[in-house]
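Below you'll find the structure, written out as structure tokens, and then a few comments.
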Amino acid sequence: MEGDLIALALQGTFDVIVHGCNCFCSMGAGIAHTIQRQFPEAYAADLKTTKGDRDKLGDFSAAKVTTNGHDITIVNGYTQFQHSGPPPLVDYNALERLFRKIKKEFSGQRIGYPRIGAGLAGGDWSQIEHIINRELASENHTLVNYR
């Protein structure tokens, strides 16, 4: 799907949106920065985790917000340890664990996400897409390519 993940979520298209985060509570760039500004509750959930904790990889923090009469859960998925360095920064094993947990926690809900790990994190989208499709098999999930 083409569009703006956040705008689509605000319009009620998704129940859950997932984005990739680093383990240092730094939402300073990319869609994470937009989410930090649009949903301060999601950033607050991230800040409640331990900064620099490698054990967060493959896990998530989340915040539920109500907007326009619709609940949206914003999932901060810990898919990379650092926010800078040589690519790829995305941890494919962490991504796999994350989406396995998302399926368990949010099964039956409408899940939207960007190209997690393939933008600033420099990961291989074909590999990432394969992991997401395998882990969310039979779920209602949608990749939103920013337009």
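Taking the range 97-147, which residues are crowded, with 20+ Cβ neighbours inside 10 Å, in a strand (DSSP E or B) and β-branched (Val, Ile, Thr)?
111
Every residue in the range 26-54 that is closer than 18 Å to residue 10 by Cα and out of contact with any strand residue (DSSP E or B) (no Cβ under 7 Å at 6 or more places or on another chain), please.
Of everything in the range 26-54, those that are closer than 18 Å to residue 10 by Cα and out of contact with any strand residue (DSSP E or B) (no Cβ under 7 Å at 6 or more places or on another chain) turn out to be 33, 34, 36, 37, 38, 40, 43.
Give the residues of the range 1-46 that are closer than 14 Å to residue 142 by Cβ, crowded, with 23+ Cβ neighbours inside 10 Å and free of Cβ contacts under 8 Å to residues at least 40 places away in the same chain, sorted by residue number.
Answer for the range 1-46, where residues must be closer than 14 Å to residue 142 by Cβ, crowded, with 23+ Cβ neighbours inside 10 Å and free of Cβ contacts under 8 Å to residues at least 40 places away in the same chain: just 6.
Check every one of the helices (runs of 4 or more DSSP H) wholly within the range 1-90 and list those with 3 or more residues that are more than 25 Å from residue 104 (Cα to Cα).
Of the helices (runs of 4 or more DSSP H) lying wholly inside the range 1-90, those with at least 3 residues that are more than 25 Å from residue 104 (Cα to Cα) span 30-38.
Every read-out reported here was derived from the displayed coordinates using simple, explicitly stated rules and does not represent laboratory data. On a predicted model such as this, the values are computed, not experimentally measured, just so you know. We place every Cβ from the backbone using ideal geometry, glycine too, and count neighbours over all the protein chains shown.
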